[in-house]
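Where a number appears in this text, it was derived from the coordinates with a stated rule and is not lab data. Please read all numbers here as calculations on a predicted model, not as lab measurements.
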Amino acid sequence: MRGWLVLLLGGIAMAASFAAFTVEPKGDQEVDLTTGITTLPQGGRLIDNDSGVALEAALIRYKEGEFVEAEEARLSRNDLRFRVGKLEYLVEQKEVRLSGGVTFSSDFLEGLKADRGVLFMADDVAVLEGGVRSASPAFEAQRLVADTRDGLVLLVGDFRYEDPALGLVLRGKGESARLLITFVQGKEPEATTEVPAKVRSRLEAYLAEAEPN
């Protein structure tokens, strides 16, 4: 079939370990010998042993050490959990580009949704954009930058935030509006519009990096 090798697994999920990936297909694997791209048309589970990223999806395409593409996917790493319509994982850059609707949760956030986003795994930073809204704590924003390592979330542009500690609703208008939320284990989150300059410049730098190339 001109370079295509179809491995018929009879619907039995068999695990295959490679240099970086562990793959558990749900059905057939299609390997393009000319490009090195493997497709799991019935989906399955893939683990990047180097980064700790675990992926389950209805459809997976990947090339060892270069990229993973998936649809109707669940992605997890440490305490971070994503559900997404489509994703592209750029292995060398350690970036995951999310689209088609994103749901995010962690130890601090529940029911956080957006249209799209980018995960910078080397820095434990996520940028989410488009219809951003969270169930707990309750907020809405145009965009956000989440530093999960330091427990920081920066809301960017128009925002609405319900402060659970003060019982207040905080609002911001315009592209220059900013709200920094700080999370500490066992305490209510703290929110302020007075964002330290170093924190603001560091987190805002990811917004430019998240733009499509």
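If you take the alpha carbon atoms of the chain and fit the smallest convex hull around them, that volume is 123 Å³ per residue.
For the range 127-175, the convex hull drawn through the C-alpha positions has a volume of 76 cubic angstrom per residue. In the chain, the longest principal axis of the Cα atoms and the axis of helix 197-209 are about 30 degrees apart. Pairs spanning more than 23 Å between alpha-carbon atoms, out of 63/113; 113/173; 86/198; 86/187: 63/113; 86/198; 86/187. For the range 83-138, the spherically averaged projection of the C-alpha convex hull amounts to 3.7 nm².
A helix-only calculation puts the chain at -2000 deg cm²/dmol for mean residue ellipticity at 222 nm, using -39500 (n - 2.57) for each DSSP H run of at least four residues, averaged over all residues. When the Gaussian network model of the chain links Cα atoms closer than 10 Å, the mean-square fluctuations of 91, 195, 68 top out at 195.
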